[in-house]
Structures are given as structure tokens and as C-alpha cells.
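Here's the structure, in C-alpha cells; my notes come after.
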Amino acid sequence: MSRQIPGGFEIKQARVVRRASGYFVMLSLQLNVSVPDTPISGHPRGLDLGFDKFVATSDNEQIARPRFLQTLQRELKLLQRRLKHKKKGSNNRHKLNQKIARIHQQITDTRKDWHFKLAHRMSDGVGMIFVEDIDFRSWARGMLSKHSADAGFGQFVNILQWVCFKRGVFFAKVDKDYTSQQCPECGTHTGKKRLDERIHSCPVCFFTASRDVAAAQVVRNRGLELISGLGHSLEVKQTVCGLDAAGTGGKVSLAGTGRSRKLKK
């Protein structure tokens, strides 16, 4: 047992899982408790996921995308080439299959561990986290399917939501459309950008920033608008580019602008 079963919990289900490193027993426990809703307060942070940078935050932080599979791909290729020459059903083929499976599990465990550490890092010092509502299964098709599967965007979002719940950070998904085509400062639609255009430059307010960071700031602004649209009273205080932005009631102040606009009920 990796940990003791806490008192008062009732074991409802036991699931035996076989992996390359051995067998594991996963227990599902139940306890009738009242879990309070996560309070909506504190510093808001928007996240933008992508292939160029794994995640960019509205606080002007960019995290590079690690290549989990690429680090061990050479070793996998050599083992898989040897595998095709082994006789089917032989002990040597079975041993080689186990070795390949252990490498794949090492990649999976490394990716999951990195996702958990990044989720805790993103939750530090914030009260709200907003991400785009994306069906990442569509990213797993086409030319970038291998890179999408290696990054594990969907797994990271699920882990982030669980970490936010455990740490009392409000988590919400917002509309994903046109986040890279909208200016986070004035809200102007700047038009579609080519993939090689990595800088956002607004022709109206002349705001310039990294394309991914600007998209994350749009996600944050949409999250604040979503909360205010639901009728929640916000006590948000943040500093962006030296300017204070606060939102209360049905009125949201766009971060970094000092300007406010009335939301439609």
C-alpha cells in the first residue's frame, strides 16, 4: 500500500491494472461530504496552449514544449528494428516486447509528471485560471498528430482542472474562437495571422506583444467577462504593465488598459 486508507471512507471499487513495470491496484473510495464551491477571487491567469510554446500565460510567461518521445525515439527505433527479426512466440521476442513497453511507460510517466509539476506552477499565486474550450482530439489528426500526442494537451488540461480543485483555484473554460485575432487591449479584430507571424501588433491602439501572450490575455479577459455575466461579484486585483485592473459586479476592467466596458446581461 502506497498510503493508508483515510478513516470514514468506504471502498467502492478495486481495479487491477497491468503495466510494463508490474501490476497495480487502484481503489475508488466514497465519503458523503459537502464540498464547497471554489471561491471566485484573486489574480486571474489566462493560458494559451500551442505547438510553438506549450503554454503562454497572460502574465507574459512562455513555457517551451518538451519533446518526450523524441528523447528516446532513437532507442525505440533500434529495438523495433530488432523486433521484426525475432520469431513470433519466442522468448526473445517476448523479452524485447517488454523492453519496448517499459520505454513507452517511461515516456508516459515522464510526461505525466511534467504535467503535474507545470499545473502546480501555473496555480501558484493565482485565484482563477482560464483556458480555451478546445476538443484536442481534432489536434490529433493531420500533419501535427504526432507532436500533439507527444505533448498531451488534453491530459494537461484535465490535470490542471484537478489541481485547481485541490488547491482552491477557480477553473473555467472560455470560447476558443479568434483568440489570436483579437487585441487584448482594445478588443479590435486584427484579422487572421499566418503561422510565421509570432508578434501581435494592433493597428488601432498600437499594442505589441508576443502572439501567444496576447492570446492568453484575451482568454483571461473572456474569463472575467464570463464570471461577470454570471452575476458574480469580483474582487480581482492585478498588475499588468504597471497598471491596475479591477472588476466588480457587472462591470469588468480589461487588464492593462485602465478602460472599462459594461457587459450585456
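The table that follows gives values for the structure above.
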read-out: Matching residues, the stretch 28-62, being within 20 Å of Phe116 (Cα to Cα) and surrounded by fewer than 16 Cβ atoms within 10 Å (Cβ to Cβ); value: Phe51, Glu61
read-out: Criterion violated by Arg74 - all others in (1) touching a helix residue (DSSP H, G or I) at 6+ places or on another chain (Cβ under 6 Å); (2) over 15 Å from Leu47 (Cβ atoms) satisfied; value: (1)
read-out: Test set (1) open to solvent by 70 Å² or more (accessible area, probe 1.4 Å); (2) out of contact with any Phe, Trp or Tyr (no Cβ under 7 Å at 6 or more places or on another chain); (3) within 23 Å of Glu225 (Cβ to Cβ) - Gln161 fails condition number; value: (2)
read-out: Residue match in the stretch 8-31 (condition: small (Gly, Ala, Ser), modelled with pLDDT under 90 and on the phi < 0 side of the Ramachandran plot); value: yes
read-out: Residue ID - surrounded by the most Cβ atoms within 10 Å (Cβ to Cβ), chosen from residues in the stretch 114-155 that are out of contact with any Phe, Trp or Tyr (no Cβ under 7 Å at 6 or more places or on another chain) and among the acidic types (Asp, Glu); value: Glu132
read-out: Out of Arg111, Arg93, sole residue that is open to solvent by less than 80 Å² (accessible area, probe 1.4 Å), of a type in the set (Lys, Arg), under 18 Å from Arg65 (Cα atoms) and assigned to a helix (DSSP H, G or I); value: Arg111
read-out: Some residue of the stretch 174-185 being in contact (Cβ under 8 Å) with a residue 12 or more places away in the chain, over 20 Å from Leu224 (Cβ atoms) and either crowded, with 16+ Cβ neighbours inside 10 Å or more than 22 Å from the chain's Cα centre (by Cα) (or both); value: no
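The values are calculated or read from the model by the stated rules, or taken from the named source; none is laboratory data. Quantities reported herein were computed from a predicted structural model and do not represent experimental measurements. Here the Cβ is made from the backbone with ideal geometry for all residues, glycine too, and neighbour counts use every protein chain on show. In case anyone asks, the SASA skips ligands and DNA or RNA and just uses the protein heavy atoms, side chains included. Shrake-Rupley method; radii C 1.70, N 1.55, O 1.52, S 1.80 Å.
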